[in-house]
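Here the structure comes first, spelled out in structure tokens, and everything after it is commentary.
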Amino acid sequence: MRLPCPHCGTRDVQEFTYLGDANVKRPGADEMSEAAMTRYVYERDNPAGRQREYWHHSSGCHAWIVVTRDTRTHRIESAEPAKPLVQS
Amino acid sequence: MRYSIFTLAAQTLRGHRGWKPVWRDANPRPEYDVIIVGGGGHGLATAYYLASQHGLSNIVVLEKGHIGSGNVGRNTTIIRSNYLLPGNTPFYELSMKLWEGLEQDINYNAMVSQRGVLNLYHSDAQRDAYARRGNAMRLAGADAELLDREQVRAMLPFLDYDNARFPIQGGLLQKRGGSVRHDAVAWGYARAADRCGVDIVQNCEVTGLTIDADGIHGVETSRGPIRARKVALAVAGSSSRLAAMAGLRLPIESHVLQAFVSEGLKPLIDTVVTFGAGHFYVSQSDKGGLVFGGDIDGYNSYAQRGNLPVIEDVMESGMALWPGLGRIRVLRHWGGIMDMSMDGSPIIDHTPVHGLYLNAGWCYGGFKATPASGWCFAHLIARDQSHPVAAAYRLDRFATGHVIDEKGAGAQPNLH
Ligand SMILES: Cc1cc2nc3c(=O)[nH]c(=O)nc-3n(C[C@H](O)[C@H](O)[C@H](O)COP(=O)(O)OP(=O)(O)OC[C@H]3O[C@@H](n4cnc5c(N)ncnc54)[C@H](O)[C@@H]3O)c2cc1C
Ligand SMILES: [Zn+2]
């Protein structure tokens, strides 16, 4: 498997570190509760199919990226820098 | 037909033409007392113990493919009970005891071979950690011996003891550990359950769960709806998909683990050995192939196949441990999808849906657990309370903070 880093081009998956589902969001201070934190820390959709996920180009440009990938085929749909997505 | 030396002799005289199918390939009936989803080792063992220990027989096991096509037929067949934490040790020791009596109980040769499992250590800190683990095991009634370098060398003279980075200092040996023929576990439990009247239905995929305010009423399948007031999920790598049909999100990610077999060789290694400075373990099957594996690939996958970096990593670790491996050719490799839980430990529990039970989160170590998992899951389904040795495997432990994290890796499934 190779990942298309938006900064460095297509690189071997070995250069990247996986974090997981990019749809989970840490609850804000006003929505914080034990249940909300449990959902955030532990519970995952774990889809068979399209998933948005965080990867870190740890042996490359050190950027965090969001990759959209099919977990049934490992086919990559897209890869974008994570920062603008996280800030929005 | 009960298997014995006499049936074997009689069949030999008849040229082995009289053997009957090992279980009935049943068609589903419209209603059962208990539906078990997933015909892997855990589902079949659960069905057998429900029938043999709890007197239920109106049970069906629904399998989307064929029996043995999941992880029960893909694993590297290692059994052990060398766990550290109190929530785990008694459970895995029960499993070891059940393995020891399994073949007599189910009247099937599963080739249970207690050839020992040896975990190597390469530093003082690792030795101390293994000493602690060995003590915890002995306190829980399991066996463990801490070996020094010369004792390991006497067992396995061909390892690289003076590796520049990871010299071997010794190992923690569990003599009662070993390997079991995994296909025979699936077939043996299937036959034993079938003999108790359990229906085993293959090529029957569960596509939906029928749930209302008073709980579960049955399942939708590719072969039509089936009713039951108790439905038990034992679908290994597909746990999140089945749970989603009940509107539940689990503390689980599905990951791929690869395994490898070499060409057939004369007897080379008579135990199971694990490298302590990387992830690599190896044993030899009775056919002669070296069976080995290492880390999971590390990203969510339902593809049942892995990628090359992990293959390279496994081979490198193997060479660091046992340089002679470099002369041997790999014959086959494959992958299986496992439900990696957030603390690396399993779940055997009720779900918030009345009548829906969950057996999941076995990660890469659920084969050794097969008998105890079936035993405890059957107990839960029949009596609606947890078996004492599985009482820690609760679904709500993530919310309450009672996680069972053997590795101390935190909520990152690809690190367990
Ligand atoms: C490469 C590899 C090596 C391993 N090595 C070891 C080892 O050495 N020691 C060890 O202890 N463990 C090992 N494991 C882990 C172990 O194999 C698993 O934890 C265990 O087999 C899982 O339980 P099971 O046997 O019930 O799973 P499975 O055999 O996977 O059973 C689950 C079944 O559910 C079925 N299913 C899924 N969805 C549906 C549906 N919708 N409807 C109907 N049926 C469905 C599947 O088809 C499957 O047959 C290894 C795993 C792998 C992949
Ligand atoms: Zn990059």
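Observations
- Test for residue A:48: is it of a type in the set (A, V, I, L, M, F, W, C) and within 16 Å of ligand 1 (Cβ to nearest atom): yes
- Residue in the stretch B:156-179 that is assigned to a helix (DSSP H, G or I), acidic (Asp, Glu) and free of Cβ contacts under 8 Å to residues at least 40 places away in the same chain present: no
- Selection count where residues are of a type outside the set (A, V, I, L, M) and either buried (at least 16 other Cβ atoms within 10 Å of the Cβ) or within 14 Å of another protein chain (Cβ to nearest Cβ) (or both), scope the stretch B:262-289: 13
- Here residue B:408 fulfils each of the conditions (1) more than 16 Å from ligand 1 (Cβ to nearest atom); (2) of a type in the set (Gly, Ala, Ser); (3) more than 17 Å from residue B:88 (Cα to Cα) apart from (3).
- Top-ranked residue of the stretch B:290-326 - restricted to ones that are among the hydroxyl-bearing types (Ser, Thr, Tyr) and within 14 Å of another protein chain (Cβ to nearest Cβ), ranked as farthest from the chain's Cα centre (by Cα): B:299
- Among residues of the stretch A:36-60 that are more than 10 Å from chain B (Cβ to nearest Cβ) and over 19 Å from residue B:239 (Cα atoms), those with a Cβ under 8 angstrom from a residue that is of a type in the set (A, V, I, L, M) and more than 16 Å from ligand 2 (Cβ to nearest atom), sequence gap 6+ or separate chain, pair up as A:52/A:22; A:54/A:22.
- Of the numbered criteria (1) more than 16 Å from ligand 2 (Cβ to nearest atom); (2) under 19 Å from residue B:339 (Cβ atoms), the one residue A:36 fails is (2).
- Between A:46, A:23, the distinction of being surrounded by 14 or more Cβ atoms within 10 Å (Cβ to Cβ) and either on the phi > 0 side of the Ramachandran plot or more than 16 Å from ligand 2 (Cβ to nearest atom) (or both) belongs to A:46 only.
- Within the stretch B:226-248, residues that are under 24 Å from residue B:301 (Cβ atoms) reach partners that are surrounded by fewer than 22 Cβ atoms within 10 Å (Cβ to Cβ) and among the charged types (D, E, K, R) with beta carbons closer than 8 Å, at six or more positions or on different chains, in the pairs B:235/B:241; B:240/A:45; B:240/B:249; B:243/B:249; B:244/A:45.
- Within the stretch B:219-254, tally of residues that are surrounded by 23 or more Cβ atoms within 10 Å (Cβ to Cβ) and of a type in the set (Asp, Glu): 1
- Note on the stretch B:17-66: residues that are without any contact (Cβ under 8 Å) to a residue 40 or more places away in the chain and part of a strand (DSSP E or B) total 0.
- Within the set B:327, B:305, B:249, the sole residue that is within 30 Å of residue B:212 (Cβ to Cβ) and of a type in the set (Lys, Arg) turns out to be B:249.
- Residue in the stretch B:94-105 that is assigned to a loop (DSSP other than H, G, I, E, B) and surrounded by 17 or more Cβ atoms within 10 Å (Cβ to Cβ) present: no
- Scan of the stretch B:179-203 for residues that are surrounded by fewer than 24 Cβ atoms within 10 Å (Cβ to Cβ) and farther than 18 Å from residue B:49 by Cβ, ordered by number: B:181, B:182, B:183, B:201, B:202, B:203
- Candidates B:253, B:263, B:220, B:205, filtered to the one that is in contact with a helix residue (DSSP H, G or I) (Cβ under 6 Å, 6 or more places away or on another chain) and among the acidic types (Asp, Glu): B:253
- Listed by position, the strands (runs of 3 or more DSSP E) contained in the stretch B:240-350 that have at least 1 residues being basic (Lys, Arg) are B:330-341.
- Number of positions in the stretch A:36-57 that are touching a helix residue (DSSP H, G or I) at 6+ places or on another chain (Cβ under 7 Å) and either closer than 18 Å to residue A:10 by Cβ or modelled with pLDDT under 95 (or both): 1
The values are calculated or read from the model by the stated rules, or taken from the named source; none is laboratory data. For clarity, every value in this text was computed on a predicted model and none was experimentally measured. Cβ: placed from backbone, ideal geometry, glycine included. Neighbour counts: every protein chain shown.
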